[in-house]
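Everything below concerns the one structure shown next.
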Amino acid sequence: MQPLDAPVLHKPRIGFAGVGWIGRNRMEALLGSGGCTAAAIAEPGAENAAAAAELAPDAIMLESFEDLLDVPDLDGVVIATPSAAHAEQSMAALERGLAVFCQKPLGRNAREASAVVWAARRADRLLGVDLSYRHTAAMAAVRSALQEGRVGNVFAVDLVFHNAYGPDKSWFYDRALSGGGCVIDLGVHLVDLALWTLGFPEVVSVDSQLLAGGMALVGPEQVEDYAAATIKLANGAIVRLTCSWNLHAGQEAEIGASFYGTHGGLEMRNVGGSFYDFEARELHGTAATTLVSPPDAWGGRAALDWLARLERSARFDPAAGELTAVAEVLDRIYGAAGIRA
């Protein structure tokens, strides 16, 4: 194992746990960069494993995460397994001295997410989570313009993520396995974008309404397919958030983050209902100026950012504490609706 404060002088050897569509997409981005090698792949599904083996024919193929951790000379692991396993697997890898890049959510609640962050701190190992919308060119332009003060003091934020489809895996609809419904699946991105863009201000209060099939949730086991939340920040800003699965939106998706300030506004939004194409605009009165337009190949950038940091140093990055802050707001959204994490 390399010293903690030393850069990785070889191509990092990465293990991949879970290579469904999202796992393979991130693996393809990392390997395509030429910055790492796939040392091993852990995937119990034969079809997914075969597809991943085509991308990394020299990788050791394994069925279990435990076997993956036993592979010698790994530098890090990329975890894209179902949500219920994220916290336990991340902590196990960190305790072995491995850097971790995990799919969202890091945990099914703030307790799990916080435990992973503390495990990373204790092990002094790099921890990253695939909060991918931070890494779109559109969102980067919005944040940069806001930090330059071009719209004055932000007092209102509107966030939306409506998905015309629901997840196609049954475990998403089991709260014990997923941690929740559309809030933890889609709302996690919205909460992160608001807090990250505004510099993680203190959250004063949270109010929310959660629905399933157009009705209030009937029990703690049911997961929401529609959510609306209002988040009040210590800096005076009001954040309004809505997200959903299976909404009759007339298009595949509606995704956006709008920041309204005393001198103007900034927004990131998807184009034509696309999950992948985003634009950024600066707003002043009735005028709108486009800052960024598609195309933008952003899908793997969060993973590539983690790899770049790993190449510089495997040590713990204090910014990982932001992951706990996001998870705590998600808990408060559920709590305000009577669902306890």
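The values are calculated or read from the model by the stated rules, or taken from the named source; none is laboratory data. Since we're looking at a predicted model, the values are computed, not measured. Positions of Cβ are backbone-derived with ideal geometry, glycine not excepted, and every protein chain shown enters the neighbour counts. Only protein heavy atoms, including side chains, enter the accessible area calculation; ligands, DNA and RNA are left aside. Shrake-Rupley method; radii C 1.70, N 1.55, O 1.52, S 1.80 Å.
Numbers below:
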| quantity | calculated |
| --- | --- |
| Elements of type strands (runs of 3 or more DSSP E) in region 251-341, at least 1 residues being small (Gly, Ala, Ser) and on the phi > 0 side of the Ramachandran plot | none |
| Residues within region 189-210 that are surrounded by fewer than 18 Cβ atoms within 10 Å (Cβ to Cβ), within 24 Å of TYR173 (Cα to Cα) and either of a type in the set (S, T, N, Q) or touching an Asp or Glu at 6+ places or on another chain (Cβ under 9 Å) (or both), tallied | 1 |
| Search result, residues across region 1-50 that are closer than 25 Å to ASP317 by Cβ, part of a loop (DSSP other than H, G, I, E, B) and at pLDDT 95 or above | PRO12, GLY18, SER33, GLY34, GLY35, CYS36 |
| Residues (in contact with a helix residue (DSSP H, G or I) (Cβ under 8 Å, 6 or more places away or on another chain) and open to solvent by 20 Å² or more (accessible area, probe 1.4 Å)) located in region 39-62 | GLU43, ASN48, ALA51, LEU55, MET61, LEU62 |
| Output for region 211-220, where each listed residue is among the aliphatic types (A, V, I, L, M) and surrounded by 11 or more Cβ atoms within 10 Å (Cβ to Cβ) | LEU211, ALA212, ALA216, LEU217 |
| Output for region 216-250, where each listed residue is over 22 Å from GLY273 (Cβ atoms) and assigned to a loop (DSSP other than H, G, I, E, B) | LEU217, VAL218, GLY219, PRO220, GLU221, GLN222, VAL223, GLU224, ALA234, ASN235, GLY236, ALA237 |
| Test: residue in region 255-263 that is more than 19 Å from ASP185 (Cβ to Cβ), open to solvent by 60 Å² or more (accessible area, probe 1.4 Å) and of a type in the set (Val, Ile, Thr) | yes |
| Residues of region 69-95 that turn out to be open to solvent by less than 10 Å² (accessible area, probe 1.4 Å), out of contact with any His (no Cβ under 7 Å at 6 or more places or on another chain) and not in a helix (DSSP H, G or I), as a count | 3 |
| Top-ranked residue of region 96-105 - restricted to ones that are out of contact with any Ser or Thr (no Cβ under 7 Å at 6 or more places or on another chain) and of a type outside the set (D, E, K, R), ranked as surrounded by the fewest Cβ atoms within 10 Å (Cβ to Cβ) | GLY97 |
| Residue count for region 106-139, restricted to those that are surrounded by 19 or more Cβ atoms within 10 Å (Cβ to Cβ), within 17 Å of the chain's Cα centre (by Cα) and not hydroxyl-bearing (Ser, Thr, Tyr) | 18 |
| Restricting region 155-187 to residues that are part of a helix (DSSP H, G or I) and hydroxyl-bearing (Ser, Thr, Tyr), the residue that is surrounded by the fewest Cβ atoms within 10 Å (Cβ to Cβ) | SER170 |
